[in-house]
Amino acid sequence: MFAYFRWHEWLDQGRQLEKRLDQAMGFTDTFLRHPAAVKEEALRAGAVPTWVKDVLEVPIEWLRALQREPRLWLRARPGTAVRLALTLGGQTDVVPGPLVDSVEYKGTRDLFRTGAFHRGEFEIQDVASQAVALCCAPGASGATERWWDVCAGEGGKTLHLADLLAGKGEVLATDRAKWRLDRLQQRSSRSKSKGVRWTFWDESRPIPAEKGFDGVLLDAPCSGVGTWGRNPHARWTTTPKDVEELAVCQKRLLESACLGVKPGGRLVYAVCTLTRPETTEVVAAFSAAHPEFEACPMANPFNATATPAAEWTFWPQDTGGNGMFVAAWRRKP
């Protein structure tokens, strides 16, 4: 079915569904063996909706990346990547990734049934998602820090922040959906993470800390354009109106989240999308409205030699993961 949606615009919609599925699998096989067989003009015409070119640059390398099978990324608990490789099948099934503690899984086992999973030795987490917590760099100064993960969801980044703090601090995870927090609680219990708390929060409630946090991460709701390689069906259900409405939501959430940053603390904004209205335009609007915050350069987790910058866009064709945008500010003392 994922192949069907990747090649949706090339399929003969007049044929029966079974025939279209066969067509899609044929296109997949041809593309995997000979990527150049699908010309640039064809990809630009059919890989993504036409409105996309109005909200972001469309590199041909990105379109080719969208048509490939997504890679499965794991985050090993700190210092356990070698043991994990041996546990899950050796060097052929588990390959070191581009980030510290990241590994790519190429095997066929049901990871949820493995002993390593139940012992909390790894999390299934896309490599671009892993990069967000590394951009936050909690505890990098060696001091004890308190972080707030505003829209924590099921807690992938929450647990990563806690691992990076290594017991020298605390992460408060909040979300407006109780079922997500229940899932976070299960994951935290399995991983035996230290210093993790969670509670319900939405914008109608006061900021959950009077003295503020050393760091606040807002992984905001977004259009998910950066995940279209992994979720190809979303290409044909996402609309320009979604992008417009979510940009408004993101700006509103930033206005709430920034209140939780104490003087000298950091605010990190992340979205798994690539559209300008949800990335650079949100950042520009916030910076213009908040002179009490200054841009805060971050190291690039994928490139140790790159000059630190206050904004990073991680493209799927460069990282092998989802598309992700990250920006950071520091509240002036």
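The values are calculated or read from the model by the stated rules, or taken from the named source; none is laboratory data. Computed from a predicted structure; not experimentally measured. Don't worry about glycine lacking a Cβ; one is built from the backbone with ideal geometry, like all the others, and counts go over all protein chains shown.
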Exercise. If you check 108, 80, 114, which single one turns out to be on the phi < 0 side of the Ramachandran plot, among the polar types (S, T, N, Q) and surrounded by fewer than 13 Cβ atoms within 10 Å (Cβ to Cβ)?
Worked result: 108
For this session: Taking the residues in segment 291-301 that are buried (at least 16 other Cβ atoms within 10 Å of the Cβ) and not polar (S, T, N, Q) as candidates, determine which candidate is farthest from residue 333 (Cα to Cα).
Result: 301
Problem set entry | Close pairs from segment 46-69: first within 12 Å of residue 240 (Cα to Cα) and at pLDDT 95 or above, partner surrounded by fewer than 18 Cβ atoms within 10 Å (Cβ to Cβ) and not basic (Lys, Arg), Cβ under 8 Å, at least 6 apart | 49/236; 51/239; 51/240; 52/58; 54/240; 55/240
Exercise. Could you say which residue among 249, 258 is modelled with pLDDT of 95 or more, crowded, with 17+ Cβ neighbours inside 10 Å and among the hydrophobic types (A, V, I, L, M, F, W, C)?
Worked result: 258
Exercise. Only one residue in 159, 181 is among the hydrophobic types (A, V, I, L, M, F, W, C) and under 28 Å from residue 243 (Cα atoms). Which one?
Worked result: 181
Exercise. Just one of 18, 9, 40 is touching a residue at least 24 places away in the same chain (Cβ under 8 Å), among the charged types (D, E, K, R) and out of contact with any Asp or Glu (no Cβ under 8 Å at 6 or more places or on another chain); which is it?
Worked result: 9
Problem set entry | So residue 309, is it under 19 Å from the mean Cα position of the chain (by Cα) and surrounded by fewer than 20 Cβ atoms within 10 Å (Cβ to Cβ) | yes
Exercise. Given the residues 283, 326, which is the only one that is among the aliphatic types (A, V, I, L, M), closer than 17 Å to residue 221 by Cα and crowded, with 24+ Cβ neighbours inside 10 Å?
Worked result: 326
Exercise. Do we have any residue at all in segment 203-220 that's at pLDDT 95 or above, outside any strand (DSSP E or B) and either of a type in the set (D, E, K, R) or surrounded by 15 or more Cβ atoms within 10 Å (Cβ to Cβ) (or both)?
Worked result: yes
Exercise. Of all residues in segment 182-223, how many are of a type in the set (Gly, Ala, Ser) and out of contact with any strand residue (DSSP E or B) (no Cβ under 9 Å at 6 or more places or on another chain)?
Worked result: 2
Seminar exercise, completed: Note: among 146, 109, just one is part of a loop (DSSP other than H, G, I, E, B) and more than 17 Å from residue 272 (Cβ to Cβ), namely 109
Exercise. When residue 95 is evaluated against the numbered criteria (1) part of a strand (DSSP E or B); (2) more than 17 Å from the chain's Cα centre (by Cα); (3) surrounded by 15 or more Cβ atoms within 10 Å (Cβ to Cβ); (4) not basic (Lys, Arg), which criterion, by number, is the only one it fails?
Worked result: (3)
